[in-house]
Ligand SMILES: [Zn+2]
């Protein structure tokens with residue numbers, strides 16, 4: 001595994017639509033492993049491929065320590081609920097914002113082994129996945145946030161994605 005550079009806001013890569021992954025092969029698995037290492041190094045809870053400069057539809061979420069979801073070619077099948085909450089983004093360092101997100105998501109995706117899975121998540125995990133899913137369509141949380149503030153690093157809670 002290797003750390004990758006995280007692309008930050010202002011780079012046009014973050015504003016593009018990602019293309020589907022054609023096959024979950026060793027090359028894709030290698031990128032996913034790098035993404036996980038990069039996300040953990042940055043103390044994030046999620047990371048999408050475009051954040052490391054890969055324009056493919058895949059992301060990782062780790063809403064609780066050790067609870068890792070590899071989501072390749074994800075599709076949202078159902079969503080419900082709505083809740084405001086604070087979020088940050090590894091690609092927008094130094095800021096956080098209040099964003100409305102669904103409290104329930106049902107998604108279909110390929111996992112690390114290329115197997116099709118149905119994933120149902122609630123609350124914080126749903127927030128993380130909604131945030132990452134947006135990255136695949138060139139959308140950042142700052143586009144949706146009701147307010148954005150600079151983070152005081154003394155008080156920062158881990159929760160960037
Ligand atoms: Zn993000």
(request) Quick one: in the stretch 20-41, of everything that is surrounded by fewer than 20 Cβ atoms within 10 Å (Cβ to Cβ) and within 13 Å of the chain's Cα centre (by Cα), which residue is farthest from residue 116 (Cα to Cα)? (result) 40
(message) Can you tell me which condition residue 134 does not meet? The list is (1) in contact (Cβ under 8 Å) with a residue 40 or more places away in the chain; (2) within 15 Å of residue 160 (Cβ to Cβ), and all the others hold.
(response) (1)
(request) Sort out which residues of the stretch 137-155 are free of Cβ contacts under 8 Å to residues at least 60 places away in the same chain and either within 12 Å of the chain's Cα centre (by Cα) or closer than 18 Å to residue 21 by Cα (or both), and write them in order of number. (result) 139, 141
(message) Please count how many residues of the stretch 53-97 are part of a strand (DSSP E or B), away from the ligand (no atom under 16 Å from the Cβ) and more than 20 Å from residue 36 (Cβ to Cβ).
(response) 8
(request) Please determine, by comparing only the residues of the stretch 98-118 that are in a loop (DSSP other than H, G, I, E, B) and touching a helix residue (DSSP H, G or I) at 6+ places or on another chain (Cβ under 9 Å), which one is nearest to the ligand (Cβ to nearest atom). (result) 102
(message) Of the conditions (1) within 15 Å of the ligand (Cβ to nearest atom); (2) within 15 Å of the chain's Cα centre (by Cα); (3) assigned to a loop (DSSP other than H, G, I, E, B), residue 17 satisfies every one except a single condition; which number is it?
(response) (1)
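Values quoted throughout were computed directly from the atomic coordinates according to the rules given, and no laboratory measurement underlies them. As the structure is a prediction and not an experimental result, all values here were calculated from the model. All Cβ positions, glycine included, derive from the backbone under ideal geometry; neighbour counts span all protein chains shown.
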